[in-house]
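Colleague: The structure under discussion is supplied below as structure tokens; questions concerning it will follow.
The values are calculated or read from the model by the stated rules, or taken from the named source; none is laboratory data. All figures in this text were calculated on a predicted structure; none of them were measured in a lab. All Cβ positions, even for glycine, are placed from backbone atoms using ideal geometry, and neighbour counts span all protein chains on display.
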Number of protein chains: 2
Amino acid sequence: MPGLELLFLSAEDVAALDLSAAEVIEAVEAGLHAHGTGQVVLPPKDHLDLEQQHRGHFNILKGYLAPIDVAGVKVIGDYLDNHLHDLPSELALLTLYEARTGVPRAIVDATELTWMRTGAVTAVGARHLARRDSTVLAHIGARGTARCNVAYLDSLFELAEIRVTSRRAESRQRFAQEMAEAVRAPIRVTDSVEEAVRGADIVVDATRLSREQVLIRNDWISPGALVIPYGAVRSTDPTLPILAHKFVVDDWRQAAGSPFGQYSTAIADGILRRGHVHAEIGEIVAGLRPGRESDHELIVFWHRGFAISDIALGVLAVDRARERGVGTTLVYSAQARER
Amino acid sequence: MPGLELLFLSAEDVAALDLSAAEVIEAVEAGLHAHGTGQVVLPPKDHLDLEQQHRGHFNILKGYLAPIDVAGVKVIGDYLDNHLHDLPSELALLTLYEARTGVPRAIVDATELTWMRTGAVTAVGARHLARRDSTVLAHIGARGTARCNVAYLDSLFELAEIRVTSRRAESRQRFAQEMAEAVRAPIRVTDSVEEAVRGADIVVDATRLSREQVLIRNDWISPGALVIPYGAVRSTDPTLPILAHKFVVDDWRQAAGSPFGQYSTAIADGILRRGHVHAEIGEIVAGLRPGRESDHELIVFWHRGFAISDIALGVLAVDRARERGVGTTLVYSAQARER
């Protein structure tokens, strides 16, 4: 036999693939559909916690996606102080495996893919849970990791205004400038969260707080809005998901078992429970549970992110790279055989 | 900044490093020492279980080794039917990360390294738990993955005889032939487990049973022997670790939390408990708990394997590869920076 080969895709290789919003959203939505119909194996993500040693931790996500018969593991660091070293706070490595044999097939820098799949889950959520006639998007947080949220939502909705705010004036100005070229709707920078949120149809919170606080007050949120608070630390009132007409998650078991995430404290304290969850997004995508049913519903969609989206998008990237001859082929084992 | 680089080591690269028994054992023992003194972060290994889909599963091991300040994740498949595809049942990929920033630094084929670190843990265990004057080694199981057990034990003890047995005559004959060149002691193939075990000073069970059975009967084991049953499925009497004078493990929390491993059923059934454990091997290596104290003790050492050994050995391999210019340097991200 010819030995085993691996495809390696660097950050630049992934960027060279020029994956469009539409195809990224389609791949990720197919993954969510599989999740909703039970065609996945998805142990909860877990963590290697080095907060005491280095103010950082690794998230380790693993899963299996039956429709494409691929297994994958993503390791992603989360280091708050990395900007001091001129490094992204999150660097990710995704490895993909033949599910039939366990043979590794690809190693992919998943740093940008993580942003893309996160934006795609935001977008798929909005497609099913926002009002179709949504015109105002409020985006809280201006980290580059959030660019895909805005770009993909802009591709799905006829937005009249994108409002952007963040803690530092400099960062929101830069974010707005960067995004202006990538979206159709005009972007307006606001100085306060209240100004961004009041009257918005879709509110996305992508902040990175160092401790829980109420950045977005319940009474600022319009009736009929969709709120997507996916920052790792709680930024809404803890009652928001309970008061909402519908509270949608990506994977309750994973969310409930993790020490990290927007509502992890609320779950640990017993305030937020399984009974508050209307559906997992995959069930809605698959048509097993209703999405938005009226213009008056306030809906909260909390996604933590899971391996299924990484695998679905990673396979799209690898297939495209093979078609185009992008990436580095490595001989993993020239003579692998049972001994 | 110059961008981020990764070192990739294939199976052939690892083989080209020619790591000696002594240095492998030294690296792994240093890892065990760190474990014993609490200088590690080691969440229990977990699993992506595809037994229903493909009669296979992945073990996912992650850890942090403080003395060398490196984090690592190993993904290793375990597919019983892989020999039908002319593939090893276990293929492994180890990724190593800067613990300070989460930046990936190396990707290593850890298939052979897994065998080496397993053999090294067996050897370190025997150094502390076998009689110094042990002369007869019985090795049950003839898979190639077990070669390091025999080679490393042969390097540490003045053996008069190595007895090898296995289920299939053909496999034990081949194993004995392959090993003959690698060891100092004469090798004798035996047709029965009883013949191998009776009178042996060190008994290693590296079988791969498809269901639990008593392959090694308690009354065949000599007083003063060390038994190392590390096969994934129970091959001894379930009472053996309880009747032994000392029962030593590598990491009790991991062992107790896993659905796989020699004594996992005994633990799940409540037969085998924390109270039966004399020590973790790292505590003995670090001098915090006694190893063997008399020639008459029957000692059982059960190791499941943990990420600390993989990281310790992986770093040795990577350092050696860098010294010798072995491996492939990959640009992971030419322009990684916070955005």
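Colleague: Which residues, taken from region A:290-322, are touching a helix residue (DSSP H, G or I) at 6+ places or on another chain (Cβ under 8 Å), over 21 Å from A:T37 (Cα atoms) and free of Cβ contacts under 8 Å to residues at least 40 places away in the same chain? Spell out how you get there, then give the answer.
Modeller: So the first thing to find is which residues in region A:290-322 are touching a helix residue (DSSP H, G or I) at 6+ places or on another chain (Cβ under 8 Å), and the list is A:290-292, A:298-306, A:308-317, A:321.
Filter again for over 21 Å from A:T37 (Cα atoms), leaving A:298-300, A:317, A:321.
Residues satisfying the conditions do not exist here.
Colleague: Given region B:1-55, what helices (runs of 4 or more DSSP H) lie entirely inside it while holding 1 or more residues that are closer than 27 Å to A:T101 by Cα?
Modeller: Filter on region B:1-55 gives B:11-16, B:51-54.
Colleague: Scan region B:251-271 for residues that are within 29 Å of B:V73 (Cα to Cα) and outside any helix (DSSP H, G or I) and jot them down.
Modeller: Once the filter is applied, which keeps residues that are within 29 Å of B:V73 (Cα to Cα) and outside any helix (DSSP H, G or I), region B:251-271 yields B:D251, B:S258, B:P259, B:F260, B:G261, B:Q262, B:Y263.
Colleague: Of B:L215, B:L240, B:L226, which residue is in contact with a Gly (Cβ under 9 Å, 6 or more places away or on another chain) and over 18 Å from B:A151 (Cα atoms)?
Modeller: Result: B:L215 is the single residue among B:L215, B:L240, B:L226 that is in contact with a Gly (Cβ under 9 Å, 6 or more places away or on another chain) and over 18 Å from B:A151 (Cα atoms).
Colleague: Given the options B:T135, B:T95, B:T101, name the one that is assigned by TED's automatic domain parsing to the domain that holds B:G257 and among the β-branched types (V, I, T).
Modeller: B:T135
Colleague: With the requirement that a residue be closer than 15 Å to B:Y64 by Cα, out of contact with any His (no Cβ under 9 Å at 6 or more places or on another chain) and part of a loop (DSSP other than H, G, I, E, B), what does region B:301-334 give you?
Modeller: If the condition is that a residue be closer than 15 Å to B:Y64 by Cα, out of contact with any His (no Cβ under 9 Å at 6 or more places or on another chain) and part of a loop (DSSP other than H, G, I, E, B), then B:G305 is the only one that fits.
Conditions (1) at pLDDT 95 or above; (2) in contact with a strand residue (DSSP E or B) (Cβ under 8 Å, 6 or more places away or on another chain); (3) hydroxyl-bearing (S, T, Y), marked per residue:
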residue: A:D46; (1), (2), (3): no, yes, no
residue: A:L50; (1), (2), (3): yes, yes, no
residue: A:R55; (1), (2), (3): no, yes, no
residue: A:F58; (1), (2), (3): yes, yes, no
residue: A:P67; (1), (2), (3): yes, no, no
residue: A:I76; (1), (2), (3): yes, yes, no
residue: A:L84; (1), (2), (3): no, no, no
residue: A:P88; (1), (2), (3): no, no, no
residue: A:D109; (1), (2), (3): yes, yes, no
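Colleague: Anything in region B:69-93 that is within 19 Å of the chain's Cα centre (by Cα), within 18 Å of A:H57 (Cα to Cα) and more than 7 Å from chain A (Cβ to nearest Cβ)? List them, or say none.
Modeller: B:G72, B:K74 - these are the residues of region B:69-93 that are within 19 Å of the chain's Cα centre (by Cα), within 18 Å of A:H57 (Cα to Cα) and more than 7 Å from chain A (Cβ to nearest Cβ).
Colleague: Also: May I ask you to list the residues in region A:210-222 that are over 16 Å from A:F247 (Cβ atoms) and part of a loop (DSSP other than H, G, I, E, B)?
Modeller: A:S210, A:R211, A:E212, A:Q213, A:V214, A:L215, A:R217, A:S222
Colleague: Could you please find all residues in region A:225-245 being in contact with a strand residue (DSSP E or B) (Cβ under 8 Å, 6 or more places away or on another chain) and not in a loop (DSSP other than H, G, I, E, B)?
Modeller: Result: A:L226, A:V227, A:I228, A:P229, A:T236, A:L240, A:P241.
Colleague: Being part of a strand (DSSP E or B), in contact (Cβ under 8 Å) with a residue 24 or more places away in the chain and surrounded by 17 or more Cβ atoms within 10 Å (Cβ to Cβ): is that true of B:V248 here?
Modeller: yes
Colleague: Moving on. Any idea which residue in region B:315-339 is surrounded by the fewest Cβ atoms within 10 Å (Cβ to Cβ), counting only those that are within 14 Å of chain A (Cβ to nearest Cβ) and modelled with pLDDT of 95 or more?
Modeller: B:T329
Colleague: Still on this structure, I have one more. Tell me which residues, restricted to region B:83-114, are in contact with a Lys or Arg (Cβ under 9 Å, 6 or more places away or on another chain), crowded, with 22+ Cβ neighbours inside 10 Å and under 17 Å from B:A232 (Cα atoms).
Modeller: Correct list: B:P88, B:A92, B:T114.
Colleague: Sticking with this one: Working only within region A:19-28, note down all residues that are surrounded by fewer than 21 Cβ atoms within 10 Å (Cβ to Cβ) and either in contact (Cβ under 8 Å) with a residue 40 or more places away in the chain or out of contact with any helix residue (DSSP H, G or I) (no Cβ under 9 Å at 6 or more places or on another chain) (or both).
Modeller: A:L19, A:A21, A:A22, A:E23, listed by residue number.
Colleague: A further question on this structure: Of the residues B:T114, B:T145, B:T122, which is of a type in the set (V, I, T) and modelled with pLDDT under 95?
Modeller: Step by step, each of B:T114, B:T145, B:T122 is checked, and only B:T145 is of a type in the set (V, I, T) and modelled with pLDDT under 95.
Colleague: For region B:263-277, name all the residues that are in contact with a Lys or Arg (Cβ under 7 Å, 6 or more places away or on another chain) and either among the β-branched types (V, I, T) or surrounded by fewer than 12 Cβ atoms within 10 Å (Cβ to Cβ) (or both).
Modeller: B:T265
Colleague: Moving on to the next point. Take the residues in region B:215-245 that are among the hydroxyl-bearing types (S, T, Y) and over 17 Å from the mean Cα position of the chain (by Cα); name whichever of them is surrounded by the fewest Cβ atoms within 10 Å (Cβ to Cβ).
Modeller: So, considering only residues that are among the hydroxyl-bearing types (S, T, Y) and over 17 Å from the mean Cα position of the chain (by Cα), the one surrounded by the fewest Cβ atoms within 10 Å (Cβ to Cβ) is B:T239.
Colleague: State whether the residues of region A:51-61 include one that is within 9 Å of chain B (Cβ to nearest Cβ), of a type outside the set (A, V, I, L, M), crowded, with 21+ Cβ neighbours inside 10 Å and touching a Gly at 6+ places or on another chain (Cβ under 7 Å). Talk me through it step by step, then tell me what you get.
Modeller: Taking region A:51-61 and keeping what is within 9 Å of chain B (Cβ to nearest Cβ), we get A:52-54, A:56-58, A:60.
Next, only the ones that are of a type outside the set (A, V, I, L, M) stay: A:52-54, A:56-58.
Keeping just the survivors that are crowded, with 21+ Cβ neighbours inside 10 Å gives A:56-58.
Add one more test, that the residue is touching a Gly at 6+ places or on another chain (Cβ under 7 Å), and what stays is A:56, A:58.
Scanning region A:51-61, I find at least one residue that is within 9 Å of chain B (Cβ to nearest Cβ), of a type outside the set (A, V, I, L, M), crowded, with 21+ Cβ neighbours inside 10 Å and touching a Gly at 6+ places or on another chain (Cβ under 7 Å), so the answer is yes.
Colleague: Within region A:317-327, is there a residue that is within 22 Å of A:V233 (Cβ to Cβ) and under 19 Å from the mean Cα position of the chain (by Cα)?
Modeller: Looking through region A:317-327, none of the residues is within 22 Å of A:V233 (Cβ to Cβ) and under 19 Å from the mean Cα position of the chain (by Cα).
Colleague: Follow-up. Could you go through region A:117-133 and let me know if any residue there is within 7 Å of chain B (Cβ to nearest Cβ) and touching a residue at least 40 places away in the same chain (Cβ under 8 Å).
Modeller: The answer is no, given that none of the residues of region A:117-133 is within 7 Å of chain B (Cβ to nearest Cβ) and touching a residue at least 40 places away in the same chain (Cβ under 8 Å).
Colleague: Moving on. Determine, yes or no, whether B:A146 is more than 30 Å from B:T329 (Cα to Cα) and either surrounded by fewer than 24 Cβ atoms within 10 Å (Cβ to Cβ) or in the same structural domain as B:L17 (by TED's automatic domain parsing) (or both).
Modeller: It is false that B:A146 is more than 30 Å from B:T329 (Cα to Cα) and either surrounded by fewer than 24 Cβ atoms within 10 Å (Cβ to Cβ) or in the same structural domain as B:L17 (by TED's automatic domain parsing) (or both).
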